[in-house]
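Just below is one structure, and these are the notes that go with it.
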Amino acid sequence: MKIIPNNIPRLVWNRLTEMNYMTAGAVAFVCGCGVALAGQLAVTQSNLTFQPRTASAGAGTTVTWSIVSGEHTVTSDTGLFDSGTLSGGQMFSFSFLKPGTYNYHCNFHVSLGMVGTITIPGSAHDTNGDNFSDIVWRDSSGNTLAWLMNGAQVISAAAIGAAPTTWSIVGQRDFDGDSRFDLLWRDTSGNTAIWFLNGTTVTSALSLGNISSIWSVAATGDFNGDGKGDILWQDNTGNLAVWLMNGATILSSAGVGNVPGTWLIAGTGDFNGDGNTDLLWRDTSGNIAIWFMNGATVTSSVSVGNIPIIWSVLGTGDFNGDDKSDIVWRDTSGNVAIWLMNGAQISSTGGLGNVPTTWSLALTGDYNGDGKGDLLWRDNVGNTAIWFLNGTTITSATSFGTIPMMFTVQSVNAE
């Protein structure tokens, strides 16, 4: 059956927008400590190449290109910046303030392949490109809605569309590189489609075809660092494959290997800050490992140790703003802690306090646009709140009141 965007009863729209003004109910939990902010990135000319050729950095980063020898330029493909002619020993800097994919070249040697790309990722699951994470809700009838966020404020709430309940959202990524996340859908028969979003408007809904139901979407991420979301599949015998995407076009597909059924993907993130999404694995005995990815290639697989199984991975996010993903943990008693990561190394750890087990982490995201991940919580009666974080410190906690349990936060494979 076709997924139909923007076909939603007015009453449902009214009910969710009215929730913006509710103030009852949610909790302000207790706390913990840490910080860091990205700022500088160096690119060096080496013969007729830029090194690194592709790089990813946070919004506000200043990139400095250093010329070693010869004459070269650093020229934006769109005219955004141009160094003019630079000789050996000279440098050029430019600050990237907004998310996007920025391609550039040397005017003298572009035909010889002297090109480069700087990717500035937007906030996770940002639907309108304003660098604030947003929240997608779906009700029990299949209606999909979004809260467009600005810190603790819901700046607007609107319907996105409706889909039969045989369809589920199985991923949220920016598949077309426009700095706005899109929704990956799949139905119970294996039909797969993407809704491309601009705010709460579905600009197009495109089919990816039917994929055998022995395969499931295991994760989404930008595995090749091109600024566009990709799809990781896993079949029922543990085989893994990656689709590298450009919008709804599959640029390439490749197998990644086979993983025993005792291992599960606990999270995704760019743990080493190279611009490529990595995979966080955990087995049934508590062993933790990270696969560092480059496209469909596992460049290295590194153990992070064994964590008692009373602790579970709740989510991942860049909580201290260093452009490397970190890990949120919780034990069976409700204690919450964060590991601040540098690759497979734990830079530091910090406790955030104890959260009653009636509360669950619904999603991570940068809801106030400060470059640091935050935590969206919801309890078993619908109370909803955000913890704004700076490393392992809760800087503030905001309640959004009680949202009826017919609405659920869409979080599966969210960016």
Selection over region 82-128 where residues are part of a loop (DSSP other than H, G, I, E, B), surrounded by fewer than 16 Cβ atoms within 10 Å (Cβ to Cβ) and small (Gly, Ala, Ser) yields a count of 4
Across (1) open to solvent by 10 Å² or more (accessible area, probe 1.4 Å); (2) out of contact with any Pro (no Cβ under 8 Å at 6 or more places or on another chain); (3) not in a strand (DSSP E or B), Ala158 clears everything bar (3)
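Filter region 228-261 for residues that are part of a loop (DSSP other than H, G, I, E, B) and closer than 16 Å to Ile194 by Cβ; which is most open to solvent (accessible area, probe 1.4 Å)?
Going through region 228-261, the residues part of a loop (DSSP other than H, G, I, E, B) turn out to be 228-229, 236-238, 247-248, 259-261.
Still in the list and also closer than 16 Å to Ile194 by Cβ: 228-229, 247-248.
On the way: Lys228: 46, Gly229: 4, Gly247: 8, Ala248: 30 Å².
Ranking the candidates gives Lys228 first.
Starting from residues that are polar (S, T, N, Q) and open to solvent by less than 10 Å² (accessible area, probe 1.4 Å), keep the ones in region 161-209 and report whichever is farthest from the chain's Cα centre (by Cα). Can you show your working first?
Step one: of region 161-209, the residues polar (S, T, N, Q) are 165-166, 168, 172, 179, 188-189, 191-192, 198, 200-201, 203-204, 207.
Subsequent filtering for residues that are open to solvent by less than 10 Å² (accessible area, probe 1.4 Å) retains 172, 192.
Working: Gln172: 8, Thr192: 20 Å.
Here the answer is Thr192.
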Residue pairs within 7 Å by beta carbon, gap of at least six or interchain, first lying in region 270-296 and touching a residue at least 60 places away in the same chain (Cβ under 8 Å) and among the small types (Gly, Ala, Ser), second assigned to a loop (DSSP other than H, G, I, E, B) and open to solvent by 10 Å² or more (accessible area, probe 1.4 Å), listed first then second, are Gly273/Asp323; Gly273/Lys324; Gly275/Gly225; Gly295/Asn224
The residue that is nearest to Met245 (Cα to Cα), considering only those in region 297-335 that are without any contact (Cβ under 8 Å) to a residue 40 or more places away in the chain and among the hydrophobic types (A, V, I, L, M, F, W, C), is Trp329
Considering residues that are under 17 Å from the mean Cα position of the chain (by Cα) and in a loop (DSSP other than H, G, I, E, B), the number found within region 133-155 is 2
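Determine if region 303-311 includes at least one residue that is touching a Phe, Trp or Tyr at 6+ places or on another chain (Cβ under 8 Å) and of a type outside the set (Gly, Ala, Ser).
Going through region 303-311, the residues touching a Phe, Trp or Tyr at 6+ places or on another chain (Cβ under 8 Å) turn out to be 307, 311.
Adding the requirement that they be of a type outside the set (Gly, Ala, Ser) leaves 307, 311.
Yes, the conditions are met somewhere in region 303-311.
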Being over 25 Å from Asp274 (Cβ atoms), of a type in the set (Ser, Thr, Tyr) and either modelled with pLDDT of 95 or more or touching a helix residue (DSSP H, G or I) at 6+ places or on another chain (Cβ under 7 Å) (or both) narrows Ser347, Ser333 down to just Ser333
When every residue in region 302-316 that is within 15 Å of Ile265 (Cα to Cα) and of a type in the set (Gly, Ala, Ser) is compared, the one surrounded by the most Cβ atoms within 10 Å (Cβ to Cβ) is Gly315
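Does Leu264 satisfy being assigned to a strand (DSSP E or B) and crowded, with 18+ Cβ neighbours inside 10 Å? Working first, answer last.
Details: assigned to a strand (DSSP E or B): yes; crowded, with 18+ Cβ neighbours inside 10 Å: no.
So Leu264 fails the test.
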- [ ] Could you please let me know if Thr144 is in contact (Cβ under 8 Å) with a residue 12 or more places away in the chain, among the hydroxyl-bearing types (Ser, Thr, Tyr) and buried (at least 22 other Cβ atoms within 10 Å of the Cβ)?
- [x] yes
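The values are calculated or read from the model by the stated rules, or taken from the named source; none is laboratory data. Small disclaimer: the values here were computed from a predicted structure and weren't measured. Cβ: placed from backbone, ideal geometry, glycine included. Neighbour counts: every protein chain shown. Accessible surface is based on the protein model in full, side chains and every heavy atom, while ligands, DNA and RNA are left aside. Shrake-Rupley method; radii C 1.70, N 1.55, O 1.52, S 1.80 Å.
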